[in-house]
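The values are calculated or read from the model by the stated rules, or taken from the named source; none is laboratory data. Nothing here was measured: the structure is a model prediction, and the numbers come from that model. Cβ placement follows ideal geometry from the backbone for every residue including glycine, while neighbour counts extend to all protein chains displayed.
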Amino acid sequence: MTNPKANAAIFYASDGYRPSEKGINGRRVAGESFLKGFLRHADVSEFVILSKATTEAEEVASLVRTLRPNIPLRAVGLVRPGKIAPLTQLYYPAANFASEAWRRADNGSAAWTISGITHTTSTMGIMQGLFDLRMAPVMDWDALICTSRAVRASVATQMDLIDEHIRMRFKCDPPPRPMLPVIPLGIHVDDFARDEAARIALRARLGCGPDDVVFSTIARLTPHEKFDPLPIYIAMQAATKSLKPGQKLHIVFCGVFRHPYAKDVFTKGAAQLMPDVGFLLLDGAKAEDRTAALSGADVSLFMIDNIQETFGLAPLEGMAAGLPLLVSDWDGMKDTVTPDVGLRIKTRTLGPRHTANESLRLQGGIDDYSQYCAAVSAMTEVDMADLKAGIVALATNPDLRARLAAGAKARVRQQYDWATVIPQYQALWAEQEKVRAAGLARSQRIPGHVLPVAPAPTLLFGAYPSEVADPALNHFVACDLTGRPSLTQVLALRNYAALNRYFAGPEQIAAVLGTVTRAASPATVETISTATGLNPMYVDRVLMWLLKYDFIRRAG
């Protein structure tokens, strides 16, 4: 039986969910996968999205018609977020949901709960965003979902630093901290089944012999923001000395290069550092190439050494394809890659005092994000002896590969298929609802016109005009428009459509002007509101425009 308190409205913006159109990166791939997983597996009586555009709502509607046509979809506009009711939970697809906490403030901080989620947490924007989160009206019934224990430790570390700053600067206790639950990303396991024809074709393309072993990586191919391939090449070349006669190793990298520099690092490095190892690049933007990389491989390789990475979807995809894993002992892989599914290679970094310079250079704008990540990566060691031993172990022991592959396939379906992960989200939302319901007395409301981060412009700039108008105190009559352009013509001349933003609808403007024109006596905001059915505050803004363009004047 569905529990409405375990359902959440989904904040939807195309940029977070459509990698094929907006660009392939981990955040968008994960967002698209989550949305499809939620639509497939959520135990709900309706789907609700919060979005700013009807075109975005239609994107979700199209998915619903395909994946769950028996469940209705309700779209709510961003300017009226309270209309997600009766739902009292909102899911936001990023870590910094401060904007949504402020958006909620006019309704009260207990009007609904908010849950965000971590993706990359090493950018200046996200680090500043976590600071903003501690300053926003976030409550202890809100949550920031951490996709791994390592990421949770990272977020908690920064929040500890922020809270200590609050204590020192303001001589008070910090505000309530959101929950930091650990819920992994998921995949639709069946999407990654191996294709035997693709396997045969790829191995033929590589010129594989019957005992050759193929290692494949699906990832963004950026040595400065994902992983450095050169240590892998060095280890692979060294491992060839331990192979039996006639056996060869191959590496397939499937991904996208953002810069010619990156492609040079991968290709020139392979030619010079591992001349005895097969090497192939595939296009990660092509579904058939991603299928080939998984289907043709014997081992899924994911040797991350970069703080840009937080979870790692690719190892789950390799597990779903029935591959043993060889990964770095890094962030999310500490959770996902257990000894029954693969080998984790030891990593080491320098202590905080050694890398303070990198933080200062990033914060000061001396280094950009790529330079920052590259510098930290340069000081991150993937244990070479451990890596060589892992390659040899998997290359020379088909029984080990088979055992780990079987474990991988079982674990990914049991732990990381969306059918298993989505109920964890719903359980979190139900828990958040209990905390919210118990804390209603602590709800705080900040009226929308006095939000500290976005006060009403005529409050913020109240010293600019001569005076503040109050149309409710006035009466209005129509001006003589003989020989003048009509309302339609003036609106066309002003061309608000060019900005795709009307301060009021042309039909509503015409209705107000028509009411004033037809009135037997000077019209008031009250009489205009009654005649048009428009909210008095909406009438106010239309009247100000009509006064501005001399369609009406104040009477008396």
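Contact list please: Cβ distance under 8 Å, first residue in the stretch 360-381 and assigned by TED's automatic domain parsing to the domain that holds L350, second residue surrounded by 17 or more Cβ atoms within 10 Å (Cβ to Cβ) and in a strand (DSSP E or B), pairs at least six apart or on different chains. Filtered contacts from the stretch 360-381: T380/T347; E381/T347.
Conditions tested, residue by residue: (1) under 17 Å from L144 (Cα atoms); (2) surrounded by fewer than 20 Cβ atoms within 10 Å (Cβ to Cβ); (3) touching a Cys at 6+ places or on another chain (Cβ under 8 Å).
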| site | (1), (2), (3) |
| --- | --- |
| A9 | yes, no, no |
| G16 | yes, no, no |
| A42 | no, no, no |
| E58 | no, yes, no |
| V64 | no, yes, no |
| G77 | no, yes, no |
| K83 | no, yes, no |
| P86 | no, yes, no |
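Per this entry, F266 is counted among residues that are in contact (Cβ under 8 Å) with a residue 40 or more places away in the chain and either closer than 15 Å to G296 by Cα or assigned by TED's automatic domain parsing to the domain that holds S328 (or both). For the stretch 134-171, filtered to residues that are hydroxyl-bearing (S, T, Y) and assigned to a loop (DSSP other than H, G, I, E, B), the residue that is farthest from Q432 (Cα to Cα) is S148. Please specify each residue of the stretch 1-40 satisfying the condition of being part of a helix (DSSP H, G or I) and without any contact (Cβ under 8 Å) to a residue 60 or more places away in the chain. S14, D15, P19, S20, E21, K22, R28, E32, L35, L39, listed by residue number. Any chance you could count how many residues in the stretch 503-556 are in contact (Cβ under 8 Å) with a residue 60 or more places away in the chain and over 20 Å from D480 (Cα atoms)? Selection size over the stretch 503-556: 3.
Yes or no, residue by residue, for (1) in a loop (DSSP other than H, G, I, E, B); (2) surrounded by 19 or more Cβ atoms within 10 Å (Cβ to Cβ); (3) not polar (S, T, N, Q):
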{"position": "A271", "(1), (2), (3)": "no, no, yes"}
{"position": "D276", "(1), (2), (3)": "yes, no, yes"}
{"position": "L281", "(1), (2), (3)": "no, no, yes"}
{"position": "T291", "(1), (2), (3)": "no, yes, no"}
{"position": "S300", "(1), (2), (3)": "no, yes, no"}
{"position": "D305", "(1), (2), (3)": "yes, yes, yes"}
{"position": "F311", "(1), (2), (3)": "yes, yes, yes"}
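Can you name every residue in the stretch 502-536 that is among the aliphatic types (A, V, I, L, M), at pLDDT below 95 and within 24 Å of E467 (Cα to Cα)? Listed by number, the list holds a single entry, A504.
Scanning the stretch 44-102 for residues that are in a helix (DSSP H, G or I), of a type in the set (V, I, T) and within 14 Å of W112 (Cβ to Cβ) returns a single hit, I84. Residues that are touching a residue at least 40 places away in the same chain (Cβ under 8 Å) and in a helix (DSSP H, G or I) were ranked within the stretch 235-263; the one that is farthest from S370 (Cα to Cα) is S242. The set of residues in the stretch 438-489 being touching a residue at least 12 places away in the same chain (Cβ under 8 Å), within 15 Å of M544 (Cα to Cα), hydrophobic (A, V, I, L, M, F, W, C) and in a helix (DSSP H, G or I) consists of A472, L487. If only one of V525, V512, V450 is of a type outside the set (D, E, K, R) and surrounded by fewer than 15 Cβ atoms within 10 Å (Cβ to Cβ), which one is it? That would be V450, the only listed residue that is of a type outside the set (D, E, K, R) and surrounded by fewer than 15 Cβ atoms within 10 Å (Cβ to Cβ). Answer yes if at least one residue in the stretch 200-214 is among the aliphatic types (A, V, I, L, M) and either touching a Pro at 6+ places or on another chain (Cβ under 8 Å) or over 18 Å from V277 (Cα atoms) (or both), and no otherwise. So far as the stretch 200-214 goes, yes, one or more of its residues are among the aliphatic types (A, V, I, L, M) and either touching a Pro at 6+ places or on another chain (Cβ under 8 Å) or over 18 Å from V277 (Cα atoms) (or both).
Has the stretch 347-356 got any residue that is more than 17 Å from I391 (Cα to Cα), crowded, with 20+ Cβ neighbours inside 10 Å and not acidic (D, E)? No; the residues of the stretch 347-356 include none that is more than 17 Å from I391 (Cα to Cα), crowded, with 20+ Cβ neighbours inside 10 Å and not acidic (D, E). Kindly evaluate Y425 against the criterion of being under 23 Å from M319 (Cα atoms) and either in a helix (DSSP H, G or I) or outside the structural domain of S242 (by TED's automatic domain parsing) (or both). Yes, satisfied. Considering the stretch 103-129, and only residues there that are assigned to a strand (DSSP E or B) and aliphatic (A, V, I, L, M), the residue that is surrounded by the most Cβ atoms within 10 Å (Cβ to Cβ) turns out to be I114.
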